[in-house]
RNA sequence: GCCGAAGUGGCGGAACAGGCAGACGCGCACGACUCAAAAUCGUGUUCCGUGAGGAGUGAGGGUUCGAUUCCCUCCUUCGGCACCA
């Protein structure tokens, strides 16, 4: 009998339909089983499923399937992150409504997702642009607002003067920072926008206690938040020329606050630098300096922080004509503006200590400002500020610092540095400063001047200010009858009636917020909507929450390390403090996959023409082969360039499995050794594959199965087919293969008359005894070089092994007695002469 | 500049906890089958050397009987941040 042909085109849709019809992958609360919530990052419905989606999702699916076979009640949902810029830009170009386009794309992508044969529970699908979903996105906004975590403030944004709109960061192109649409250079503009106070949680976000996340992600988040310890110091500032009084502690309304990590160097502050955007600049600038200051401000406004930050840039700046009083010594120091001070970090103003800061040093030398060293290396001659060649930054003792002289200075930050501790104590006693922690992390800017996003459910009334839309009026839905104008103005703003409403307080005429929310807001809680997308009494059913949360395993790309993952953690913690969620973290375990590059080793992109289309691969090889190859061809967390030849190997493996399992069984008369060797290989493989699944080592899962298959071919040659050991091998092999290649495993399982479905079977148990070796080959080293090998019984004594080893390497011993012989059981004998 | 990850055959990669480097696969070579080719099957495939043997996991050093694995210095590539006060 010739083997049946392997026809994935028939087998795969057949099982996909049956699984669907049987609800095989429905996950429901079952208190009798431990739960496992496996989550993979949801796609943006761009139109077609990319090979990158497959690379992210199929190993995650395989592991979810493995967990299910291990006895867990597994939830593995899928949905769409459906709001966002591309759909809106396409609408402006083509006139097709984003909702129409997005829904079309989702229909197509759903079909493509189904072709993967993943165990998604489609009853739990969520789509973030549907009103049933964004109703709750709005609701969450209101909860955060009510908790005092949402606020409005003026914030500089990139603005295109020609299109008359703000631009997202990805819409600003090139080194000259021009508008994506009309190529006009962008400028910065202050707009009043909504923020979430994420910085309130900065310290807590720095703690990763109790979560198993990659070190890499933890480092990225830690660096992103960038906590630094120091002090704020208050300087009295002269903005009505000549009214400075050094003897008085400045009143809050007549002072400027600086943040410094080196308050111990305060005596060396010889000038002050403000960011050009600092609000006090206009007040302190004297008439004589006004022209120069205005010119400098205009020039700085055209640049981004990043351009301004270009490392080796020559220092520039302008004197304002204003002065400040150094609170420690009453010195009158000039105030400059310079673009190396950023409004977005600290307080936008610094005290400049040129003797001990490289940037301040360069600035002082260029503009001939005084340099006063305030500490020096112990026992060395005191440096002269006029002739110093570089800022001094190491351990030492304080000098030129009044009663602080002699205090030790080291390079530690914060109170670990005795000089800093002493200065902070003194500042706090004087009321001219206090210990402070500063973060690079900023509050989360929520507002987008765009149509295709969740509306911000706020209403503005002339008399009652901002108020949230009442709950019973949620969701605020997007109007459909809008015009797409290439002016860049949000259609919500242009709509004749949409923004007109009544004030929830007084019932008088009021206007809606026409900005929409950042789409990261949608993705900060989608894992909660999956729990019960049908639920309408709240964002999720608490019963489902109690059973499934937290997410046990979250998988996705590293590119979300600082944005999405940080927002989600913040969101969860904020909700926790409102009693909406429980526990400190939303996701217990995180794993990141790498990227599939094009065959040219470059990032895949349409313009490069190196995109690999999964649909074509499925048509040619079947989903099982594509899945197997994606798991096999690279270390998952690393990724690798695509290899269109390489997939042939996985295709061969799948076909060879098919051939072996459907081919005529030749009954033979195998020796007991052959059968024992077969069992040994089966259980050794099972042991490895189990470990590999636990540790996300997908590539070696497939290679172990390939090895076992090769071994089974040999065993069959030797007559093993038909034995009970052979049957066991088939059974265990298929169970191990099922998470990787679910269709062929199901088909062959049925072929053997085993009970449907293989995907509800349990994961096999390792027979440790069967996995043991009878004989062991040891390498024998002489002075670190492998010279011979010996094969001994597994239970051979150490003395016996040593004697055997010395016998075979006699000719390498040069007649000497070995100084030392080390026997490492099961592996090596090391002889030292 | 700072922080992080990674460097192993022609290629992707393997090596559980410091113990035989190169599993598995691609590619390539040779052979079988075929009129021929594809597919399939078999054999070989780190480098140098006919050989015995020698070298070898980015480079150099160290610890150790023994290092891809641990430590130090350096180089390269990739990612993040970047005048962060």
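Just so it is clear, none of the values below were taken in a lab; they were calculated from the coordinates. The structure displayed is predicted, hence computed values, not measured ones. Glycine gets a Cβ as well: all are built from the backbone with ideal geometry, and neighbour counts include every protein chain shown.
Looking at the calculated P(r) for segment A:649-715, what percent of the C-alpha pair distances fall above 16 Å?
Value for segment A:649-715 (Cα pairs over 16 Å): 54 percent.
Just order A:433-439, A:147-153 by mean Cβ neighbour count inside 10 Å, highest at the front, would you? Spell out each step's value before the answer.
Values: A:433-439: 18.0, A:147-153: 15.6.
Highest mean packing first, the order is A:433-439, A:147-153.
The mean of 1/r over all pairs of different alpha-carbon atoms in segment A:227-439, once inverted, gives a Kirkwood hydrodynamic radius of 17.4 Å.
The distance from the alpha carbon centre of segment A:743-797 to that of segment A:509-570 is 44 Å, rounded to a whole number. From least to most packed, judged by other beta carbons within 10 angstrom and beginning with the fewest, A:67, A:388, A:521 follow the order A:388, A:67, A:521. Once both labels are positioned 7 Å from their Cα atoms along Cα-to-Cβ, the gap between residue A:511 and residue A:389 label points is 6.3 nm. Between the Cα long axis of helix A:798-808 and the first principal axis of chain A there is an angle of about 80°, rounded to the nearest 10. For chain A, the C-alpha radius of gyration sits at 1.21 times the compact-globule guess of 2.2 N^0.38 Å, with N the residue count. In terms of the mean number of neighbouring beta-carbon atoms within 10 Å, the peptides A:543-554, A:811-822 order highest first as A:543-554, A:811-822. When you restrict to C-alpha pairs under 8 Å that are six or more residues apart and normalise by the size of chain A, the relative contact order lands at 14 percent. Measuring from label point to label point, each 7 Å out along Cα→Cβ, what is the residue A:220 to residue A:437 span in nm? Result for the modelled spin labels: 2.4 nm. When you restrict to C-alpha pairs under 8 Å that are six or more residues apart and normalise by the size of segment A:587-640, the relative contact order lands at 47 percent.
Where does each of A:743, A:464, A:564 land when they are ranked from fewest to most other beta-carbon atoms within 10 angstrom?
Numbers: A:743 22, A:464 14, A:564 18.
Least crowded to most crowded, the residues run A:464, A:564, A:743.
Here A:278, A:527 are placed in order of increasing Cβ neighbour count within 10 Å, fewest first, which gives A:278, A:527.
Compute the convex hull volume of the Cα atoms of segment A:775-832, divide it by the residue count, and report the result per residue in Å³ as a whole number. Display every interim value, and only then the final one.
Working: hull volume 3.7 nm³, N = 58.
Taking the convex hull of the Cα positions in segment A:775-832, it is 63 Å³ per residue.
At full extension, residue A:616 and residue A:669 could sit 14.6 nm farther apart than now, given 0.36 nm per residue minus the alpha carbon distance.
Here the label points at residue A:714 and residue A:727, each 7 Å from Cα along the C-beta direction, are separated by 2.6 nm in the simple model. The residue A:410 and residue A:584 beta-carbon pair, evaluated with R₀ = 51 Å, returns a calculated FRET efficiency of approximately 0.90. When a/c reaches 1.5 or more, the comparison of a/b and b/c decides; with that in mind, is segment A:29-89 rounded, prolate or oblate per its Cα gyration tensor? The shape class here is oblate.
Compute the Cα gyration tensor for segment A:475-622, then decide on rounded, prolate or oblate, letting a ≥ b ≥ c be the square roots of its eigenvalues: rounded whenever a/c is under 1.5, prolate when a/b is larger than b/c in the other cases, and oblate in all that remain.
Numbers: a/c = 2.35, a/b = 1.26, b/c = 1.87.
Taking the square roots of the gyration eigenvalues as a ≥ b ≥ c, segment A:475-622 is oblate.
Expressed as a fraction of 2.2 N^0.38 Å, the rule-of-thumb size for a compact globular protein of N residues, what is the C-alpha radius of gyration of segment A:480-543? Rounded to two decimals, the normalised Rg is 1.57. Taking only the C-alpha atoms of segment A:316-422, the Rg (one decimal) and the largest Cα-Cα distance, Dmax (whole number), read 14.5, 40 Å. Measuring nothing but alpha carbons in segment A:1-127 and taking Rh as the Kirkwood radius, the Rg to Rh ratio lands at 1.06. Just to confirm the number: angle between the C-alpha axis of helix A:51-69 and the first principal axis of chain A, 0 to 90 degrees, nearest 10? Tilt relative to chain A: about 60 degrees. For segment A:775-832, what's the relative contact order in percent, using C-alpha pairs closer than 8 Å and at least 6 residues apart? Normalised by residue count, the contact order of segment A:775-832 is 44 percent.
If you count, for each residue, the other Cβ atoms within 10 Å and average over each peptide, how do A:30-36, A:605-611, A:754-760 line up from highest to lowest? Walk me through the intermediate numbers first.
Details: A:30-36: 12.3, A:605-611: 10.7, A:754-760: 16.0.
Top of the packing list down: A:754-760, A:30-36, A:605-611.
Averaging over all projection directions, the Cα-based convex hull of segment A:614-771 occupies 9.6 nm² in the image plane. What is the angle, in °, between the Cα long axis of helix A:623-632 and the longest principal axis of the Cα atoms in chain A? Nearest 10 is fine, range 0 to 90. The two axes meet at around 70 degrees. Can you figure out the FRET efficiency of residue A:209 with residue A:810, using R₀ = 41 Å and their beta-carbon distance, to the nearest 0.05? So the FRET efficiency works out to roughly 0.10.
For a Förster distance of 35 Å, can you work out the FRET efficiency between the beta-carbons of residue A:691 and residue A:7, rounded to the nearest 0.05? FRET efficiency, residue A:691 to residue A:7: 0.55.
The reciprocal of the average 1/r between distinct C-alpha atoms defines the Kirkwood hydrodynamic radius, which for segment A:721-801 equals 16.1 Å.
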